[in-house]
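I have placed the structure first, in the form of C-alpha coordinates, so that the comments after it can refer back to it.
The values are calculated or read from the model by the stated rules, or taken from the named source; none is laboratory data. Since the model is a prediction, treat every value here as computed from it, not as a measurement. In this analysis, Cβ positions are derived from the backbone assuming ideal geometry, glycine residues included, and neighbour counts consider all displayed protein chains. Each accessible area value is taken on the protein alone, full model and side chains, heavy atoms only, with ligands, DNA and RNA left out. Shrake-Rupley method; radii C 1.70, N 1.55, O 1.52, S 1.80 Å.
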Amino acid sequence: MKKVVVTGLGMVSPLGIGVAKNWQELTAGRSGIRPISLFEPDDGLVTKIAGEVPDFDPTAWLSKPEARRYDRFLHLTLAAGLEALEDSGLVIDEGNASRVATILGVGLGGMPFLEETIGKRIETRKLRRVSPFFIPAIIANMAPGLLSIYTGARGESWTATSACASANHAIGSALRALRSGACDAVLTGGSEAVVCHTAIAGFNAMKALSTRNDDPATASRPFDADRDGFVLGEGAGVLVLETEEHALARGARIYAEVAGFGATADAHHITSPRPDGDGAVQAMAQALRDGGIANEQVGYINAHGTSTAANDRMESAAIRKLFGGHSNDLAVSSTKSMTGHLLGAAAAIEAIYSVLALHHGVLPPTINQFTSDPECDLDYIPHHARQSQVEVALSNSLGFGGTNAAVAFRRNS
Amino acid sequence: MSVQDKVIEIIADQLGVPAADVTPEKSFDELGADSLAVVELVMAFEDEFDVEVEESQASELKTVKSAIDFLNGLTS
(Lines give C-alpha, C1' and ligand atoms only; values in the text may rest on other atoms or scores of the structure.)
Protein backbone atom coordinates (compact mmCIF):
# COMPACT_ATOMS: atom_id res chain seq x y z
CA MET A 1 0.00 0.00 0.00
CA LYS A 2 1.27 3.46 -0.89
CA LYS A 3 2.44 5.57 2.02
CA VAL A 4 0.86 9.05 2.19
CA VAL A 5 2.59 12.08 3.67
CA VAL A 6 1.85 15.71 4.51
CA THR A 7 4.03 18.20 2.63
CA GLY A 8 2.19 21.52 2.87
CA LEU A 9 0.06 23.38 5.41
CA GLY A 10 -2.08 26.52 5.24
CA MET A 11 -4.70 27.96 7.54
CA VAL A 12 -6.74 30.86 8.79
CA SER A 13 -8.52 30.58 12.14
CA PRO A 14 -9.61 32.69 15.10
CA LEU A 15 -5.97 32.48 16.21
CA GLY A 16 -4.87 34.36 13.11
CA ILE A 17 -3.84 34.22 9.50
CA GLY A 18 -1.21 31.68 8.53
CA VAL A 19 0.27 28.54 10.07
CA ALA A 20 3.13 30.28 11.88
CA LYS A 21 0.84 32.74 13.66
CA ASN A 22 -1.56 29.93 14.58
CA TRP A 23 1.15 27.76 16.11
CA GLN A 24 2.53 30.69 18.08
CA GLU A 25 -0.88 31.58 19.56
CA LEU A 26 -1.86 27.94 20.10
CA THR A 27 1.25 26.96 22.01
CA ALA A 28 1.04 30.18 24.05
CA GLY A 29 -2.45 29.06 25.11
CA ARG A 30 -4.22 32.18 23.88
CA SER A 31 -7.95 32.33 23.15
CA GLY A 32 -9.30 33.57 19.81
CA ILE A 33 -12.83 34.08 21.15
CA ARG A 34 -14.17 37.66 21.22
CA PRO A 35 -17.43 39.61 20.95
CA ILE A 36 -18.96 39.18 17.49
CA SER A 37 -17.83 41.91 15.10
CA LEU A 38 -18.84 40.54 11.68
CA PHE A 39 -22.40 41.67 12.26
CA GLU A 40 -24.38 43.53 14.91
CA PRO A 41 -25.99 40.76 17.00
CA ASP A 42 -29.73 41.16 17.35
CA ASP A 43 -31.09 41.42 20.90
CA GLY A 44 -32.83 38.10 20.27
CA LEU A 45 -29.52 36.26 20.15
CA VAL A 46 -28.47 35.03 23.57
CA THR A 47 -24.94 34.35 22.31
CA LYS A 48 -22.89 37.39 21.29
CA ILE A 49 -19.40 35.87 21.10
CA ALA A 50 -17.57 33.83 18.47
CA GLY A 51 -14.19 32.96 17.07
CA GLU A 52 -13.70 35.15 14.01
CA VAL A 53 -10.61 35.23 11.80
CA PRO A 54 -9.03 38.51 12.95
CA ASP A 55 -8.18 41.31 10.50
CA PHE A 56 -9.06 39.24 7.44
CA ASP A 57 -9.25 41.27 4.24
CA PRO A 58 -10.26 39.08 1.27
CA THR A 59 -8.89 41.61 -1.21
CA ALA A 60 -5.39 40.54 -0.16
CA TRP A 61 -6.17 37.39 -2.21
CA LEU A 62 -8.96 38.50 -4.55
CA SER A 63 -10.09 41.49 -6.61
CA LYS A 64 -12.96 43.52 -5.14
CA PRO A 65 -15.61 42.10 -7.51
CA GLU A 66 -14.43 38.54 -6.78
CA ALA A 67 -14.53 39.17 -3.05
CA ARG A 68 -18.09 40.51 -3.35
CA ARG A 69 -19.29 37.55 -5.42
CA TYR A 70 -17.88 34.81 -3.16
CA ASP A 71 -19.08 33.93 0.31
CA ARG A 72 -16.65 34.27 3.20
CA PHE A 73 -16.00 30.52 3.46
CA LEU A 74 -14.59 30.74 -0.06
CA HIS A 75 -12.34 33.67 0.85
CA LEU A 76 -10.97 31.67 3.75
CA THR A 77 -10.53 28.57 1.58
CA LEU A 78 -8.34 30.43 -0.88
CA ALA A 79 -6.21 32.02 1.83
CA ALA A 80 -5.52 28.62 3.41
CA GLY A 81 -5.22 26.72 0.14
CA LEU A 82 -2.76 29.06 -1.52
CA GLU A 83 -0.59 29.13 1.62
CA ALA A 84 -0.57 25.32 1.75
CA LEU A 85 0.39 24.95 -1.89
CA GLU A 86 3.19 27.49 -1.58
CA ASP A 87 4.40 25.82 1.61
CA SER A 88 4.56 22.44 -0.14
CA GLY A 89 6.66 23.75 -3.02
CA LEU A 90 4.50 21.68 -5.37
CA VAL A 91 4.27 23.30 -8.80
CA ILE A 92 1.08 22.43 -10.65
CA ASP A 93 1.61 22.50 -14.42
CA GLU A 94 0.27 20.92 -17.59
CA GLY A 95 2.25 17.78 -16.90
CA ASN A 96 0.81 16.96 -13.47
CA ALA A 97 -2.42 18.98 -13.17
CA SER A 98 -4.72 15.99 -13.76
CA ARG A 99 -2.95 14.09 -10.93
CA VAL A 100 -3.70 16.76 -8.28
CA ALA A 101 -7.11 16.58 -6.58
CA THR A 102 -9.04 19.05 -4.41
CA ILE A 103 -11.19 17.41 -1.71
CA LEU A 104 -12.45 19.66 1.11
CA GLY A 105 -14.91 19.34 3.98
CA VAL A 106 -17.63 21.96 4.36
CA GLY A 107 -20.47 21.55 6.83
CA LEU A 108 -22.94 24.28 5.93
CA GLY A 109 -21.72 26.35 2.97
CA GLY A 110 -22.53 29.98 2.25
CA MET A 111 -25.01 30.73 5.00
CA PRO A 112 -24.12 34.45 5.41
CA PHE A 113 -24.65 35.05 1.68
CA LEU A 114 -27.95 33.14 1.87
CA GLU A 115 -29.03 35.21 4.85
CA GLU A 116 -28.22 38.48 3.11
CA THR A 117 -30.04 37.39 -0.03
CA ILE A 118 -33.15 36.46 1.92
CA GLY A 119 -33.02 39.71 3.84
CA LYS A 120 -32.35 42.02 0.91
CA ARG A 121 -34.21 40.38 -1.94
CA ILE A 122 -36.81 37.93 -0.73
CA GLU A 123 -38.28 39.95 2.13
CA THR A 124 -38.40 43.05 -0.04
CA ARG A 125 -39.95 41.10 -2.95
CA LYS A 126 -37.12 41.88 -5.31
CA LEU A 127 -36.61 38.32 -6.43
CA ARG A 128 -35.61 39.37 -9.94
CA ARG A 129 -32.54 40.96 -8.46
CA VAL A 130 -31.12 37.99 -6.60
CA SER A 131 -27.44 37.96 -7.55
CA PRO A 132 -26.50 35.62 -10.41
CA PHE A 133 -23.55 34.76 -8.18
CA PHE A 134 -25.83 33.64 -5.35
CA ILE A 135 -25.90 29.91 -6.18
CA PRO A 136 -22.18 29.65 -7.01
CA ALA A 137 -21.43 31.60 -3.82
CA ILE A 138 -23.26 29.28 -1.44
CA ILE A 139 -22.77 25.75 -2.79
CA ALA A 140 -20.41 23.79 -0.57
CA ASN A 141 -18.31 22.34 -3.38
CA MET A 142 -17.32 25.80 -4.58
CA ALA A 143 -14.56 25.60 -1.95
CA PRO A 144 -12.59 22.89 -3.79
CA GLY A 145 -13.96 24.30 -7.06
CA LEU A 146 -12.36 27.71 -6.53
CA LEU A 147 -9.20 26.13 -5.18
CA SER A 148 -8.90 24.12 -8.41
CA ILE A 149 -9.51 27.26 -10.49
CA TYR A 150 -6.89 29.29 -8.62
CA THR A 151 -4.24 26.53 -8.51
CA GLY A 152 -4.89 24.78 -11.82
CA ALA A 153 -5.39 21.39 -10.13
CA ARG A 154 -7.49 19.24 -12.47
CA GLY A 155 -7.89 15.98 -10.57
CA GLU A 156 -11.14 15.02 -8.83
CA SER A 157 -12.77 17.96 -7.02
CA TRP A 158 -15.58 17.61 -4.50
CA THR A 159 -16.79 18.35 -1.00
CA ALA A 160 -17.33 15.99 1.88
CA THR A 161 -20.16 17.12 4.12
CA SER A 162 -20.74 15.46 7.47
CA ALA A 163 -21.33 18.39 9.81
CA CYS A 164 -18.49 18.70 12.33
CA ALA A 165 -16.68 15.65 10.92
CA SER A 166 -16.59 16.97 7.33
CA ALA A 167 -12.89 17.74 7.11
CA ASN A 168 -11.88 14.38 8.56
CA HIS A 169 -13.98 12.62 5.94
CA ALA A 170 -12.28 14.79 3.31
CA ILE A 171 -8.80 13.94 4.62
CA GLY A 172 -9.70 10.24 4.88
CA SER A 173 -11.02 10.25 1.33
CA ALA A 174 -7.85 11.98 0.14
CA LEU A 175 -5.82 9.25 1.85
CA ARG A 176 -7.84 6.55 0.06
CA ALA A 177 -7.57 8.31 -3.31
CA LEU A 178 -3.79 8.55 -2.96
CA ARG A 179 -3.41 4.95 -1.83
CA SER A 180 -5.52 3.78 -4.77
CA GLY A 181 -3.26 5.51 -7.27
CA ALA A 182 -6.05 7.78 -8.51
CA CYS A 183 -3.85 10.83 -7.93
CA ASP A 184 -0.38 11.85 -6.75
CA ALA A 185 -1.30 14.86 -4.60
CA VAL A 186 -4.44 16.22 -2.95
CA LEU A 187 -5.26 19.63 -1.50
CA THR A 188 -7.53 18.60 1.36
CA GLY A 189 -8.91 19.94 4.63
CA GLY A 190 -11.99 22.08 5.12
CA SER A 191 -13.60 25.47 5.39
CA GLU A 192 -16.50 27.03 7.30
CA ALA A 193 -17.66 30.59 7.96
CA VAL A 194 -21.14 30.88 9.39
CA VAL A 195 -20.77 33.60 12.01
CA CYS A 196 -24.15 35.11 11.10
CA HIS A 197 -27.57 35.57 12.69
CA THR A 198 -29.01 32.39 11.21
CA ALA A 199 -26.38 29.98 12.49
CA ILE A 200 -26.12 31.54 15.95
CA ALA A 201 -29.92 31.56 16.27
CA GLY A 202 -30.13 27.93 15.15
CA PHE A 203 -27.48 26.68 17.57
CA ASN A 204 -28.95 28.85 20.33
CA ALA A 205 -32.32 27.19 19.79
CA MET A 206 -30.57 23.85 20.42
CA LYS A 207 -29.03 25.27 23.64
CA ALA A 208 -25.71 24.23 22.14
CA LEU A 209 -23.74 27.49 22.44
CA SER A 210 -21.98 29.08 25.39
CA THR A 211 -23.61 32.30 26.55
CA ARG A 212 -20.60 33.50 28.55
CA ASN A 213 -20.75 36.83 26.74
CA ASP A 214 -19.05 38.75 29.55
CA ASP A 215 -15.91 36.60 29.43
CA PRO A 216 -15.32 35.40 25.86
CA ALA A 217 -11.77 34.12 26.39
CA THR A 218 -12.91 31.53 28.93
CA ALA A 219 -16.20 30.61 27.23
CA SER A 220 -14.88 27.51 25.48
CA ARG A 221 -13.87 25.18 28.32
CA PRO A 222 -13.88 21.58 27.10
CA PHE A 223 -13.82 18.91 29.83
CA ASP A 224 -14.31 21.55 32.56
CA ALA A 225 -17.23 21.05 34.95
CA ASP A 226 -18.49 24.62 34.36
CA ARG A 227 -18.70 24.40 30.57
CA ASP A 228 -21.93 25.79 29.13
CA GLY A 229 -21.74 24.86 25.47
CA PHE A 230 -19.48 25.34 22.47
CA VAL A 231 -18.35 28.60 20.89
CA LEU A 232 -18.84 29.00 17.15
CA GLY A 233 -15.63 29.59 15.22
CA GLU A 234 -14.76 30.14 11.57
CA GLY A 235 -11.74 29.40 9.42
CA ALA A 236 -10.15 27.08 6.93
CA GLY A 237 -7.31 24.62 6.91
CA VAL A 238 -5.68 22.99 3.89
CA LEU A 239 -3.08 20.21 3.86
CA VAL A 240 -1.15 19.09 0.82
CA LEU A 241 -1.03 15.28 0.91
CA GLU A 242 1.12 13.27 -1.47
CA THR A 243 2.21 9.71 -1.93
CA GLU A 244 5.59 9.34 -0.29
CA GLU A 245 7.21 8.35 -3.58
CA HIS A 246 5.90 11.52 -5.25
CA ALA A 247 7.11 13.69 -2.36
CA LEU A 248 10.54 12.06 -2.26
CA ALA A 249 10.94 12.27 -6.05
CA ARG A 250 10.63 16.04 -5.92
CA GLY A 251 12.62 16.41 -2.71
CA ALA A 252 9.74 17.79 -0.68
CA ARG A 253 9.86 18.48 3.04
CA ILE A 254 7.70 15.91 4.86
CA TYR A 255 5.88 17.00 8.04
CA ALA A 256 4.31 13.65 8.96
CA GLU A 257 2.65 10.55 7.58
CA VAL A 258 -1.14 10.23 7.27
CA ALA A 259 -1.22 6.71 8.61
CA GLY A 260 -4.85 5.71 9.01
CA PHE A 261 -8.50 6.65 8.74
CA GLY A 262 -11.57 5.30 10.51
CA ALA A 263 -15.22 6.28 10.17
CA THR A 264 -18.46 4.99 11.65
CA ALA A 265 -22.08 5.95 12.33
CA ASP A 266 -23.89 5.91 15.68
CA ALA A 267 -27.30 4.88 14.29
CA HIS A 268 -28.75 6.50 17.39
CA HIS A 269 -29.98 10.14 17.32
CA ILE A 270 -29.86 13.21 15.07
CA THR A 271 -27.75 15.28 17.46
CA SER A 272 -26.91 13.30 20.63
CA PRO A 273 -23.99 10.87 20.57
CA ARG A 274 -24.50 7.25 21.62
CA PRO A 275 -24.19 7.23 25.41
CA ASP A 276 -21.87 4.21 25.25
CA GLY A 277 -19.55 6.08 22.86
CA ASP A 278 -19.19 3.00 20.68
CA GLY A 279 -19.30 4.99 17.43
CA ALA A 280 -16.31 7.05 18.56
CA VAL A 281 -14.48 4.00 19.93
CA GLN A 282 -14.84 2.11 16.66
CA ALA A 283 -13.82 5.10 14.52
CA MET A 284 -10.59 5.50 16.52
CA ALA A 285 -9.98 1.72 16.51
CA GLN A 286 -10.44 1.56 12.74
CA ALA A 287 -8.03 4.44 12.16
CA LEU A 288 -5.38 2.64 14.22
CA ARG A 289 -5.98 -0.71 12.48
CA ASP A 290 -5.87 1.01 9.10
CA GLY A 291 -2.47 2.47 9.97
CA GLY A 292 -1.06 -0.70 11.57
CA ILE A 293 -0.74 1.21 14.85
CA ALA A 294 -0.72 -0.41 18.29
CA ASN A 295 -2.68 1.42 21.00
CA GLU A 296 0.51 2.02 22.98
CA GLN A 297 2.05 3.99 20.10
CA VAL A 298 -0.56 6.73 20.40
CA GLY A 299 0.86 9.58 22.48
CA TYR A 300 -1.52 12.42 21.71
CA ILE A 301 -5.19 12.76 20.85
CA ASN A 302 -6.58 16.02 19.49
CA ALA A 303 -10.06 15.48 20.87
CA HIS A 304 -13.30 16.59 19.31
CA GLY A 305 -13.75 18.22 22.76
CA THR A 306 -16.55 20.65 21.97
CA SER A 307 -17.19 22.00 25.48
CA THR A 308 -20.63 20.37 25.73
CA ALA A 309 -21.32 17.89 28.53
CA ALA A 310 -22.70 15.25 26.17
CA ASN A 311 -19.61 15.26 23.97
CA ASP A 312 -16.86 15.68 26.51
CA ARG A 313 -18.00 12.91 28.84
CA MET A 314 -18.79 10.45 26.06
CA GLU A 315 -15.48 11.12 24.29
CA SER A 316 -13.45 10.79 27.49
CA ALA A 317 -15.19 7.48 28.24
CA ALA A 318 -14.61 6.32 24.66
CA ILE A 319 -10.86 7.00 24.98
CA ARG A 320 -10.78 5.10 28.29
CA LYS A 321 -12.67 2.20 26.75
CA LEU A 322 -10.40 1.88 23.71
CA PHE A 323 -7.04 2.52 25.34
CA GLY A 324 -7.63 0.94 28.77
CA GLY A 325 -4.56 1.36 30.98
CA HIS A 326 -2.70 3.26 28.26
CA SER A 327 -5.22 6.08 28.55
CA ASN A 328 -3.30 7.18 31.67
CA ASP A 329 -0.14 7.53 29.59
CA LEU A 330 -1.45 9.49 26.63
CA ALA A 331 -2.16 13.19 26.46
CA VAL A 332 -5.43 14.61 25.17
CA SER A 333 -6.25 18.21 24.34
CA SER A 334 -9.08 20.17 22.83
CA THR A 335 -7.70 23.04 20.80
CA LYS A 336 -11.33 24.20 20.52
CA SER A 337 -10.68 25.73 23.95
CA MET A 338 -8.77 28.39 21.99
CA THR A 339 -10.28 28.40 18.50
CA GLY A 340 -13.91 27.61 19.23
CA HIS A 341 -15.68 25.04 17.08
CA LEU A 342 -15.12 25.50 13.35
CA LEU A 343 -17.77 22.87 12.40
CA GLY A 344 -16.88 21.57 8.92
CA ALA A 345 -13.40 23.08 9.14
CA ALA A 346 -12.69 21.89 12.70
CA ALA A 347 -10.98 18.66 11.71
CA ALA A 348 -8.90 20.52 9.12
CA ILE A 349 -7.25 22.93 11.53
CA GLU A 350 -7.01 20.19 14.16
CA ALA A 351 -5.26 17.91 11.66
CA ILE A 352 -2.74 20.69 11.08
CA TYR A 353 -2.23 21.19 14.83
CA SER A 354 -1.74 17.42 15.23
CA VAL A 355 0.79 17.32 12.39
CA LEU A 356 2.67 20.27 13.91
CA ALA A 357 2.64 18.56 17.32
CA LEU A 358 4.49 15.62 15.75
CA HIS A 359 6.75 17.88 13.69
CA HIS A 360 7.79 20.19 16.53
CA GLY A 361 7.56 17.77 19.46
CA VAL A 362 5.18 20.10 21.28
CA LEU A 363 1.63 19.24 22.39
CA PRO A 364 -0.92 22.09 22.42
CA PRO A 365 -2.84 22.61 25.66
CA THR A 366 -6.48 22.71 26.66
CA ILE A 367 -7.00 26.12 28.21
CA ASN A 368 -9.79 27.15 30.59
CA GLN A 369 -9.39 24.19 32.94
CA PHE A 370 -10.72 25.57 36.23
CA THR A 371 -12.99 22.97 37.82
CA SER A 372 -12.49 19.30 37.13
CA ASP A 373 -15.39 17.14 36.01
CA PRO A 374 -15.23 13.69 37.65
CA GLU A 375 -16.46 12.17 34.39
CA CYS A 376 -13.60 13.74 32.45
CA ASP A 377 -10.47 12.34 34.08
CA LEU A 378 -7.80 12.17 31.37
CA ASP A 379 -4.62 14.22 31.01
CA TYR A 380 -5.96 17.19 29.05
CA ILE A 381 -2.65 19.13 29.01
CA PRO A 382 -4.16 21.93 31.11
CA HIS A 383 -3.23 25.56 30.46
CA HIS A 384 0.27 25.16 29.04
CA ALA A 385 1.75 23.50 25.95
CA ARG A 386 4.05 20.57 26.69
CA GLN A 387 7.36 19.51 25.16
CA SER A 388 6.84 15.87 24.23
CA GLN A 389 7.86 13.93 21.15
CA VAL A 390 5.12 11.41 20.47
CA GLU A 391 5.05 8.84 17.67
CA VAL A 392 1.38 8.89 16.72
CA ALA A 393 -1.29 11.59 17.03
CA LEU A 394 -4.97 10.87 16.57
CA SER A 395 -7.46 13.57 15.54
CA ASN A 396 -11.12 12.93 16.38
CA SER A 397 -14.24 14.46 14.86
CA LEU A 398 -17.83 13.65 15.67
CA GLY A 399 -20.77 15.22 13.86
CA PHE A 400 -24.52 15.70 14.01
CA GLY A 401 -26.26 12.80 12.35
CA GLY A 402 -24.16 10.51 14.53
CA THR A 403 -21.14 10.52 12.23
CA ASN A 404 -17.67 9.76 13.61
CA ALA A 405 -14.29 10.05 11.90
CA ALA A 406 -10.71 9.77 13.14
CA VAL A 407 -7.41 10.29 11.36
CA ALA A 408 -4.08 8.97 12.65
CA PHE A 409 -0.83 10.80 11.89
CA ARG A 410 2.58 9.21 12.42
CA ARG A 411 5.84 11.02 13.02
CA ASN A 412 7.94 11.00 9.88
CA SER A 413 10.83 8.58 10.26
CA MET B 1 -23.56 63.55 -11.90
CA SER B 2 -24.57 62.82 -15.49
CA VAL B 3 -26.03 59.46 -16.47
CA GLN B 4 -22.84 58.75 -18.41
CA ASP B 5 -20.58 59.43 -15.43
CA LYS B 6 -22.75 57.35 -13.13
CA VAL B 7 -22.84 54.41 -15.58
CA ILE B 8 -19.07 54.48 -15.88
CA GLU B 9 -18.68 54.61 -12.13
CA ILE B 10 -20.99 51.60 -11.66
CA ILE B 11 -19.22 49.58 -14.35
CA ALA B 12 -15.79 50.37 -12.93
CA ASP B 13 -16.92 49.37 -9.44
CA GLN B 14 -18.79 46.22 -10.48
CA LEU B 15 -16.09 44.87 -12.75
CA GLY B 16 -13.12 46.09 -10.73
CA VAL B 17 -11.51 48.06 -13.56
CA PRO B 18 -10.17 51.64 -13.58
CA ALA B 19 -12.83 54.19 -14.62
CA ALA B 20 -10.43 55.50 -17.27
CA ASP B 21 -10.67 52.14 -19.06
CA VAL B 22 -14.46 52.35 -19.24
CA THR B 23 -14.81 54.15 -22.56
CA PRO B 24 -18.10 54.22 -24.54
CA GLU B 25 -17.02 51.92 -27.37
CA LYS B 26 -15.83 49.15 -25.02
CA SER B 27 -17.93 46.01 -24.74
CA PHE B 28 -18.56 44.44 -21.34
CA ASP B 29 -16.78 41.37 -22.67
CA GLU B 30 -13.67 43.46 -23.35
CA LEU B 31 -13.89 44.80 -19.80
CA GLY B 32 -13.68 41.23 -18.47
CA ALA B 33 -17.34 40.55 -17.69
CA ASP B 34 -18.66 37.01 -18.17
CA SER B 35 -22.39 36.34 -18.63
CA LEU B 36 -23.06 36.25 -14.87
CA ALA B 37 -21.18 39.51 -14.35
CA VAL B 38 -23.31 41.19 -17.04
CA VAL B 39 -26.50 40.07 -15.27
CA GLU B 40 -25.09 41.47 -12.03
CA LEU B 41 -24.18 44.72 -13.78
CA VAL B 42 -27.70 45.22 -15.14
CA MET B 43 -29.07 44.62 -11.63
CA ALA B 44 -26.72 47.30 -10.33
CA PHE B 45 -28.13 49.70 -12.97
CA GLU B 46 -31.65 48.80 -11.82
CA ASP B 47 -30.78 49.44 -8.19
CA GLU B 48 -28.85 52.66 -8.81
CA PHE B 49 -31.30 54.23 -11.28
CA ASP B 50 -34.40 52.72 -9.65
CA VAL B 51 -35.66 51.27 -12.94
CA GLU B 52 -36.78 47.88 -14.24
CA VAL B 53 -34.91 46.48 -17.23
CA GLU B 54 -36.83 43.88 -19.25
CA GLU B 55 -35.04 40.68 -20.24
CA SER B 56 -35.23 41.59 -23.94
CA GLN B 57 -33.77 45.03 -23.25
CA ALA B 58 -31.02 43.65 -21.03
CA SER B 59 -29.82 41.29 -23.75
CA GLU B 60 -29.19 44.32 -26.01
CA LEU B 61 -26.83 45.92 -23.51
CA LYS B 62 -23.42 44.81 -24.68
CA THR B 63 -21.31 47.97 -24.65
CA VAL B 64 -20.78 50.92 -22.33
CA LYS B 65 -22.43 53.19 -24.92
CA SER B 66 -25.52 50.97 -25.24
CA ALA B 67 -26.00 51.12 -21.47
CA ILE B 68 -25.55 54.91 -21.37
CA ASP B 69 -28.01 55.42 -24.23
CA PHE B 70 -30.56 53.02 -22.78
CA LEU B 71 -30.46 54.55 -19.29
CA ASN B 72 -30.51 58.08 -20.72
CA GLY B 73 -33.71 57.08 -22.51
CA LEU B 74 -35.31 55.66 -19.37
CA THR B 75 -34.42 58.49 -17.04
CA SER B 76 -35.02 61.51 -19.31
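Key figures for this structure:
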item: Among the candidates A:Thr151, A:Thr188, A:Thr159, A:Thr117, residue that is at pLDDT below 95 and either out of contact with any helix residue (DSSP H, G or I) (no Cβ under 6 Å at 6 or more places or on another chain) or of a type outside the set (Lys, Arg) (or both); result: A:Thr117
item: Evaluation of A:Leu90 against (1) hydrophobic (A, V, I, L, M, F, W, C); (2) open to solvent by 50 Å² or more (accessible area, probe 1.4 Å); (3) under 20 Å from A:Arg154 (Cα atoms) (one fails), failing number; result: (2)
item: Residue count for the range A:375-388, restricted to those that are without any contact (Cβ under 8 Å) to a residue 60 or more places away in the chain and farther than 20 Å from A:Asn22 by Cβ; result: 2
item: Among (1) crowded, with 17+ Cβ neighbours inside 10 Å; (2) in a loop (DSSP other than H, G, I, E, B), the one test that A:Ala236 misses; result: (2)
item: Flag for A:Thr102 being among the β-branched types (Val, Ile, Thr), outside any helix (DSSP H, G or I) and in contact (Cβ under 8 Å) with a residue 24 or more places away in the chain; result: yes
item: Matching residues in the range B:44-55 - criterion: being open to solvent by 20 Å² or more (accessible area, probe 1.4 Å) and at the interface with another protein chain (Cβ under 10 Å from one of its Cβ atoms); result: B:Asp47, B:Glu52, B:Glu55
item: Only listed residue being touching a Ser or Thr at 6+ places or on another chain (Cβ under 8 Å), more than 23 Å from A:Ile171 (Cβ to Cβ), at pLDDT 95 or above and acidic (Asp, Glu), chosen from A:Asp224, A:Asp214, A:Asp266; result: A:Asp224
item: Criterion (within 12 Å of chain A (Cβ to nearest Cβ) and either open to solvent by 20 Å² or more (accessible area, probe 1.4 Å) or within 11 Å of the chain's Cα centre (by Cα) (or both)) met by exactly one of B:Ala19, B:Ala67, B:Ala58; result: B:Ala58
item: Criterion: open to solvent by less than 50 Å² (accessible area, probe 1.4 Å) and farther than 25 Å from A:Leu187 by Cα - qualifying residue of A:Pro65, A:Pro136, A:Pro54; result: A:Pro65
item: Helices (runs of 4 or more DSSP H) wholly inside the range A:108-212 containing at least 1 residues that are among the charged types (D, E, K, R); result: A:111-117, A:166-180
item: Unique match (being open to solvent by 10 Å² or more (accessible area, probe 1.4 Å) and in contact with a Pro (Cβ under 7 Å, 6 or more places away or on another chain)) among A:Pro382, A:Pro374, A:Pro365; result: A:Pro382
item: When residues of the range A:119-144 are limited to those that are under 22 Å from the mean Cα position of the chain (by Cα) and under 25 Å from B:Val42 (Cβ atoms), the one nearest to the other protein chains (Cβ to nearest Cβ); result: A:Ala137
item: Condition check for A:Met338: touching an Asp or Glu at 6+ places or on another chain (Cβ under 9 Å), open to solvent by 10 Å² or more (accessible area, probe 1.4 Å) and either modelled with pLDDT of 95 or more or assigned to a helix (DSSP H, G or I) (or both); result: no
item: Test: residue in the range A:170-189 that is under 21 Å from A:Ser13 (Cα atoms) and either free of Cβ contacts under 8 Å to residues at least 24 places away in the same chain or open to solvent by 20 Å² or more (accessible area, probe 1.4 Å) (or both); result: no
item: Checklist (1) under 21 Å from A:Ser162 (Cβ atoms); (2) free of Cβ contacts under 8 Å to residues at least 60 places away in the same chain; (3) out of contact with any helix residue (DSSP H, G or I) (no Cβ under 8 Å at 6 or more places or on another chain) applied to A:Gly340, failing item; result: (2)
item: Residue, surrounded by the most Cβ atoms within 10 Å (Cβ to Cβ), within the range A:34-46, restricted to residues that are at pLDDT 95 or above and touching a Lys or Arg at 6+ places or on another chain (Cβ under 9 Å); result: A:Ile36
item: Filtered residues of the range A:93-132 (kept if open to solvent by less than 40 Å² (accessible area, probe 1.4 Å) and either in contact with a Leu (Cβ under 6 Å, 6 or more places away or on another chain) or acidic (Asp, Glu) (or both)); result: A:Thr102, A:Gly107, A:Pro132
item: Test: residue in the range A:2-17 that is within 16 Å of the chain's Cα centre (by Cα), away from every other protein chain (no Cβ under 14 Å) and open to solvent by 50 Å² or more (accessible area, probe 1.4 Å); result: yes
item: Members of the range A:39-85 found to be closer than 19 Å to A:Met142 by Cα, part of a loop (DSSP other than H, G, I, E, B) and more than 14 Å from chain B (Cβ to nearest Cβ), listed by number; result: A:Asp71
item: Test: residue in the range B:3-11 that is in a helix (DSSP H, G or I), within 13 Å of chain A (Cβ to nearest Cβ) and among the charged types (D, E, K, R); result: no
item: Residue satisfying all of: in the range B:31-43; outside any helix (DSSP H, G or I) and surrounded by 14 or more Cβ atoms within 10 Å (Cβ to Cβ); nearest to the other protein chains (Cβ to nearest Cβ) among these; result: B:Ala33
item: The range A:269-287: number of residues that are under 23 Å from A:Val298 (Cα atoms) and either modelled with pLDDT of 95 or more or surrounded by 22 or more Cβ atoms within 10 Å (Cβ to Cβ) (or both); result: 11
